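Here is the structure we will look at, set down as structure tokens.
A short reminder: the numbers here are calculations on the coordinates, not readings from a lab. Predicted, not measured: the structure shown is a model, and the values here were computed from it. All Cβ positions, even for glycine, are placed from backbone atoms using ideal geometry, and neighbour counts span all protein chains on display.
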Amino acid sequence: MQRVSKENYYLDIAQTVAERSTCLRKKYGAIIVKNDVIVSTGYNGAPRGRQNCSDLNFCMRDKLNIPRGERYEMCRSVHSEANAIIAAPRDQMLGSTLYMVCVEPSDGSLVPDTTSCMMCKRMIINAGIERVVVRDTPTDYRVIDVEDWINNDDSLSGQFGY
């Protein structure tokens, strides 16, 4: 019997967290891990007290035909990475790893090649998170060194990486 890798173990948990998402477009789940301890979790959904898109039965960005990666200010959701960072104490984020999974709501399939938006990248950098691990398939994932986001500042190049 072969054990699941540590990375896929945490990605499996992040994928379960994504099931709590209330977004009609994409379901994201994120967990922050430090020293093999889960520090916090987050999924994308409306701020506390506001109605979720799943409750309203519509997505404002879909209603306005806004393409993927544009006009995030029109989205009701707080992103999974932001919610995980909000829930974590700063000292536990320094040097940690954020694991993230994106799932297609219509059929539950994984969304490959996903990445954090520019705002979430900024929060991840400021939180002191060192690595981001993103699931592409049930067993394949990418490891991003956050230092690369600092050294290759996409906010200066106009390449936003959505």
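Observations on the structure shown:
- Rg ratio for the chain: its Cα radius of gyration over 2.2 N^0.38 Å, N being its residue count, equals 1.01.
- Filtered GluC sites (Glu not before Pro), the stretch 66-160: DSSP coil and at most 12 other beta carbons within 10 Å: Glu70
- For Ser96, nonlocal amide neighbours, meaning residues 5 or more places apart or on other chains whose placed amide H falls under 5 Å from its own, are Glu130.
- Within the stretch 44-133, the chymotrypsin sites (Phe, Trp or Tyr not before Pro) that combine a DSSP coil assignment with at most 15 other C-beta atoms in a 10 angstrom radius are Phe58.
- Percent RCO, i.e. relative contact order, over the stretch 31-122, from Cα pairs under 8 Å lying at least 6 residues apart: 36 percent
- Rg in Å to one decimal, and Dmax rounded to a whole Å, for the stretch 59-128 via C-alpha atoms: 13.9, 41
- Charge context of Thr22, other residues only, Cβ under 9 angstrom, K/R +1, D/E -1: +2
- Karplus-based coupling profile of the stretch 122-133, in residue order and whole Hz: 4, 5, 4, 4, 5, 6, x, 5, 8, 9, 10, 10, with θ = phi - 60° in 6.51 cos²θ - 1.76 cosθ + 1.60 and x standing for Gly or Pro.
- Dividing the mean sequence gap of close Cα pairs (under 8 Å, 6+ apart) by how many residues the chain holds gives a relative contact order of 23 percent.
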